[in-house]
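Report on the following structure.
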Amino acid sequence: MVINLKNPSLYNNRELSWLQFNTRVLKQVHDESLPLLERLKFLAIYGTNLDEFYMIRVAGLKKLFAAGIIVSGADRLTPLQQLQEVRKYLHQEQQVVEHCMSGILKNLEEHGLFIKTYDQVNQSEKNTLNRYFKENIYPVIIPIAIDPTHPFPHLNNLSFGLIVKLSDNDNPSIERFGLVRVPRPLERFVELGKGTYIPIESLVAEHIEDLFPGYSLLKHAAFRVTRNADLEIEEEEADDFMEILEEGLKLRRKGAMVRLEVGIRGDEEIVNFFNQHTNVYKDDIYRFHTFLNLSSLWQIVSNKNFAHLLLPPFKPKVLPPFDCGESIFSTLEKQDVLLYHPYESFEPVVKLIQIASLDPDVVSIKMTLYRSGTNSPIVQALMSASESGKQVTVMVELKARFDEENNLIWAKALEKAGAHVIYGIKGFKVHAKAALITRKKNGKLKQYAHLGTGNYNPATAKIYTDMSYMTSKDEITNDLTRFFHFLSGFSNKGKLNELYMAPAQIKPKVLSLIQNELRKGKDGHIIAKVNSLVDEDLIRGLYKASQAGVKIDLIVRGICCLKPGIEGVSENIKVISILGKYLEHPRVFYFKNDETQVYISSADWMPRNLVRRVELLTGIKDTDAREKIIQILLLQCSDNALAHQLQSDGSYIKIKRETGKSINNHKFLEDYVNRISKSTNKKSPQEIQQIAARLFMES
């Protein structure tokens, strides 16, 4: 019987799969093997993730529904059906979130860390809080009356404050509503002593009558609003893209309101007053018995006095060949180098750009920047290089979501320093991670390249796992020269010879690699590590390979629309998701019967990456680098401490160790890198090879 691989029942819904991912984040909060603040950190991550999901994905579904769009994915769920499922899922999960919160806060009290309301502290502490309010909050807080002469104010995205109901002291029968906006620069919690935190709304509520003289407080509730934050930029009409983007960032604050969160005191009267002005759909209103804004828990997690309640920090190591003091250019002329961050330090990548900016023999530096962070040493080095007369070309992607403002600042600074700045390609985001340095050597030009799976951001390189490939091979550097010419010229459809570039080349290449394994049947093996798997064509290709007997191991951190374990379709496919100390971020692929076998990429297996972005896929032909990647992939496939396995119904089950050794790949790789770093003979290739072989065997 021929199975229709377009059958909607063979696909997980993208949005519901994302919710499952965030639930896996929430499950980390339940993990009693983790220190308490580590668990609280995952609660903050859960909240931050959910904010973005509502701002972008739910807002997008609402727009599709309003536009009358019926079908939007391989699963064939309509936007309305997806909205209904999302709301149902989140309202049910909210109870779990609040239970987690209460449990962790109770446990933290045993370690001297408290979150208390104003009413729960003693008189001396109240006096301290009152002084703090007078000196630090009263001058900047914004009381707002709501009446015919004081219209309801515009509330920016993620605005936080209090809804209040007041009575006139002279005529108590006169009742009025108002708002108190808490400006974003004010911290979410007021720290009282070394380990006690007071939610700011608790302190503000105590002083409402100071903010509205002549009135008494009848009732109040905290609120937080979420707006559509997806930027729409009409590039076809944009004469000055920077100017258009700056206007778009202003409009983001005014997008349609898509969610309202209300605190425990928010009764029907309070909510109805607020919502008659904001018109949030009833199922997008969430009432909390704990406090609002889970992402604000980072303030507590970062308290250094309680660092012992986090996992021990790991210091990334600079390993051979970059630890011997040799010129980085000389090293790359002798060998290719593959780094696995954060275990191996991102410092050599930063130094590559910094040294190039100072080297009088360097002629030019070309780079892509997507999310470079604040106070970027790489951007500073590029500016210095440009100011010293080097040719500096930088592709700054201004459309990097939620980094647009930061990228605008860097783009202007680089231009001021004399660099040639490219803002992007019309209709596409440039998501590729690449750097190319051209240097004079012996009267000729020699080039050096860096290709990565992650951003040029030293801060996130300490908490994200990613791979860096550094080489001076002519076939790579020549292709990168062509790549940067495509970016600075008019073409977005150019083809490379050694590398593969989306939107034209990556998807066809991956499909051909899958097809090649399919032809080998049971002798075929695919391992793919991505953040998300959504593309229908690739999923169908994997289904066909599975039907032919190919063994397929997928390591998908987030969204996975493929359903494993379906008889006759995907019983040869295993999907795991790894969540732990570090955020898994590389895109890495192994195809057993391909000549190159191993590839790294900036692109996830999603239509947006393969069709609507400029991405790069790099084959790793260096033997040592290739073997290193294969070992890492096999280790992660064997993880039985951090891995969750996807079931055919779309749910995930934590993999439990039945017998043998516990394999936590994050801890394992920390120990592995420490062993190499501490080795007294760490420059010996033989010893490094022996340690690597041991890791391979144990995994």
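The values are calculated or read from the model by the stated rules, or taken from the named source; none is laboratory data. This structure is a prediction, so every number in the text was calculated from the model and none was measured. A quick note on method: Cβ atoms are made from the backbone with ideal geometry, for glycine too, and the neighbour counts reach across all protein chains shown. For the accessible areas, the whole protein counts, side chains as well, though only heavy atoms, and no ligand, DNA or RNA atoms are used. Shrake-Rupley method; radii C 1.70, N 1.55, O 1.52, S 1.80 Å.
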Give me a count of the residues in segment 208-249 that are at pLDDT below 70 and either closer than 30 Å to His289 by Cβ or of a type in the set (Phe, Trp, Tyr) (or both).
1
Looking at (1) at pLDDT below 95; (2) open to solvent by 30 Å² or more (accessible area, probe 1.4 Å), can you tell me which one Arg613 breaks?
(2)
Test set (1) more than 26 Å from Gly443 (Cβ to Cβ); (2) touching a residue at least 24 places away in the same chain (Cβ under 8 Å); (3) open to solvent by 10 Å² or more (accessible area, probe 1.4 Å) - Leu369 fails condition number
(3)
Just to be sure before I move on: is Ala74 in contact with a Cys (Cβ under 8 Å, 6 or more places away or on another chain), touching a residue at least 60 places away in the same chain (Cβ under 8 Å), among the small types (Gly, Ala, Ser) and open to solvent by less than 50 Å² (accessible area, probe 1.4 Å) in the structure I sent?
yes
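Yes/no matrix, rows are residues, columns are (1) open to solvent by less than 70 Å² (accessible area, probe 1.4 Å); (2) over 24 Å from the mean Cα position of the chain (by Cα); (3) closer than 24 Å to Ile539 by Cβ:
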residue	(1), (2), (3)
Trp18	yes, no, yes
Val29	yes, no, no
Arg39	yes, no, no
Tyr89	yes, no, yes
His99	no, yes, no
Asn122	no, yes, no
Restrict the check to segment 192-209 and report whether at least one residue is more than 28 Å from Met55 (Cα to Cα), open to solvent by 50 Å² or more (accessible area, probe 1.4 Å) and part of a strand (DSSP E or B).
no
Those residues of segment 655-674 that are of a type outside the set (Val, Ile, Thr), touching a Leu at 6+ places or on another chain (Cβ under 9 Å) and not in a helix (DSSP H, G or I) come to a total of 1
Being farther than 14 Å from Arg227 by Cβ, in contact (Cβ under 8 Å) with a residue 40 or more places away in the chain and either open to solvent by 10 Å² or more (accessible area, probe 1.4 Å) or among the aliphatic types (A, V, I, L, M) (or both) is the filter here; which residues of segment 147-165 pass it?
Phe152, Leu162, Ile163, Val164, Lys165
So, Ser17, is that one farther than 26 Å from Ala256 by Cα and of a type in the set (Gly, Ala, Ser) or not?
no
Only one of (1) of a type in the set (A, V, I, L, M, F, W, C); (2) touching an Asp or Glu at 6+ places or on another chain (Cβ under 9 Å); (3) in contact (Cβ under 8 Å) with a residue 60 or more places away in the chain is not met by Phe484, so which one is it?
(2)
Is there a residue in segment 521-530 that is without any contact (Cβ under 8 Å) to a residue 24 or more places away in the chain, more than 24 Å from the chain's Cα centre (by Cα) and open to solvent by 10 Å² or more (accessible area, probe 1.4 Å)?
no
Of everything in segment 104-120, what is within 20 Å of Glu209 (Cβ to Cβ) and either touching a Pro at 6+ places or on another chain (Cβ under 7 Å) or surrounded by 14 or more Cβ atoms within 10 Å (Cβ to Cβ) (or both)? Give them in sequence order.
Thr117, Tyr118
Being in contact with a Cys (Cβ under 7 Å, 6 or more places away or on another chain) and part of a loop (DSSP other than H, G, I, E, B), is that true of even one residue in segment 21-36?
no
When Asp267 is run through (1) touching a strand residue (DSSP E or B) at 6+ places or on another chain (Cβ under 6 Å); (2) farther than 20 Å from Asp51 by Cα; (3) at pLDDT below 95, the failure sits at (1)
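Right, Phe322: under 31 Å from the mean Cα position of the chain (by Cα) and at pLDDT below 95 or not?
When the stated conditions are applied, Phe322 passes them.
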